[in-house]
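For reference, the structure discussed in these notes is given below.
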Amino acid sequence: MITGGSSGLGLALAQAWGERKARLALVGRSVERLEVAAEPLRRRGVEVLTLAADVREQEQVDAAVERLTEEFGGLDVLVNCVGVSARGRILDTTPEEFSRLLEINLLGPVRCTRAAMPLLLASRGSVVNIGSLAGKSASRFIGAYPASKFALSAYTQQLRLEMAGEGVHVLLVSPGPIAREDAGSRYDEEGVAGLPPSARKPGGGVKLKGIPADWLAEQIVKACDKRRSELVVPGRARFLFAIQQLWPTLGDWIVDRMTR
């Protein structure tokens, strides 16, 4: 079951698991977009169930899981992939904007995980939460996004600790910017007035090459197969995370240099 499964990384994950002959349940708000995404998979012989649901609405999430149970009888992997990013100075970011991003980036996975957990307990399956490097190290001009992803990182760690004795695997994926066609232009009208040009770029201008979604999807599937706890891409970002914990001033200097 993949939320945000109609495009981007979610669709790439569907394709990766589809190649392994998994049965797929793709979740998104638009049934039309889901069906467009599902059709090429079905032509390759993959069984795909499309579930229209908004992860901000518990009743819709519950209904999606109920339909999945009726169709497939169980669940092996839940991927909480749906998410939104933002741009803006932190003091210009309103409480309402924080609430909007937390609603989708944190509470969406919370709702889906709670609804799917009885099935995952039965299968001793996996929860995969798609976080971000920004969920480990915040940078400038990306509004409420880091706070929402830091919260998801903490939730994932707590879930991992509490479910370890129940046989449920929990994986946190923390990638850098994912390559996309609208990179560098998608924030032209979204709170970037008065911000430096770097704010419009992927990751708020972080000096990292965009990660191909299909390559990242393969790494996630492999990490899930091996029941790893975390996947950080690029892996060298782990050094920055360690530095920021041990020496925050140096960590801030590195982040500042990497995002100008």
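The values are calculated or read from the model by the stated rules, or taken from the named source; none is laboratory data. Everything numeric in this text was worked out from a predicted model, so none of it was measured. Here Cβ is always computed from backbone atoms with ideal geometry, including for glycine, and neighbour counts include all displayed protein chains. To get the accessible areas, we keep the full protein, side chains included, count just its heavy atoms, and leave off ligands, DNA and RNA. Shrake-Rupley method; radii C 1.70, N 1.55, O 1.52, S 1.80 Å.
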key: Sparse-neighbour loop sites [trypsin sites (Lys or Arg not before Pro); the range 70-164; at most 15 other C-beta within 10 Å; DSSP]   = Arg89, Arg124
key: Correct choice for Cα extents along the principal axes in Å that was computed from the model, options [x] 51, 40, 33; [y] 51, 37, 37; [z] 53, 41, 30   = [x]
key: Unit charges at the beta carbon, dipole of the chain: most positive-side option, Val31, Ala144, Gly176   = Gly176
task = Leaving out ligands and nucleic acids, note down the accessible area per residue over the chain with a 1.4 angstrom probe, in whole Å².
result = 50 Å²
remark   = Here the FRET efficiency for Leu161 versus Glu35, based on Cβ atoms and R0 = 30 Å and rounded to 0.05, is 0.20
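Name the trypsin sites (Lys or Arg not before Pro) in the range 1-76 that are in a loop by DSSP and that have at most 13 other C-beta atoms within 10 Å, would you?
Values: sites: Arg20, Lys21, Arg23, Arg29, Arg33, Arg42, Arg43, Arg44, Arg56, Arg67; in loops: Arg20, Lys21, Arg23, Arg29, Arg44, Arg56.
Filter output for the range 1-76: Arg20, Lys21, Arg44.
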ask   = Each label point is 7 Å from the Cα along the Cα-to-Cβ direction; what then is the distance between the points at Glu181 and Ala242, in nm?
value = 4.1 nm
message = Charges at C-beta only: +1 for Lys and Arg, -1 for Asp and Glu. How large is the resulting dipole of the range 40-167 about its Cα centre, in Debye rounded to 20?
response = 660 debye
ask   = Looking at the chain, do any whole DSSP H helices span at least 20 angstrom along their long axis by alpha carbon and average 0.0 or above on Kyte-Doolittle, and which?
value = 107-123
request  = Work through the residues other than Arg260 whose Cβ is under 10 Å from its Cβ and net out their charges, Lys, Arg +1 and Asp, Glu -1.
outcome  = +2
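Please return the longest stretch of the chain lacking exposed loop sites, where GluC sites (Glu not before Pro) count only if DSSP places them in a loop and at most 10 other Cβ atoms lie within 10 Å.
1-180
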key: Magnitude of the charge dipole, the range 1-109, Cβ model with Lys/Arg +1 and Asp/Glu -1, debye to 20   = 540 debye
remark   = Two pseudo-spin positions, 7 Å from Cα along C-beta at Lys226 and at Arg44, lie apart in nanometres by 2.3 nm
ask   = Within the range 96-246, what is the number of lysine pairs with alpha carbons under 21 Å apart, leaving out pairs fewer than eight places apart on the same chain?
value = 8
inquiry  = Could you sort Lys226, Lys207 by their accessible area in this structure, using a 1.4 Å probe and putting the largest first?
reply    = Lys226, Lys207
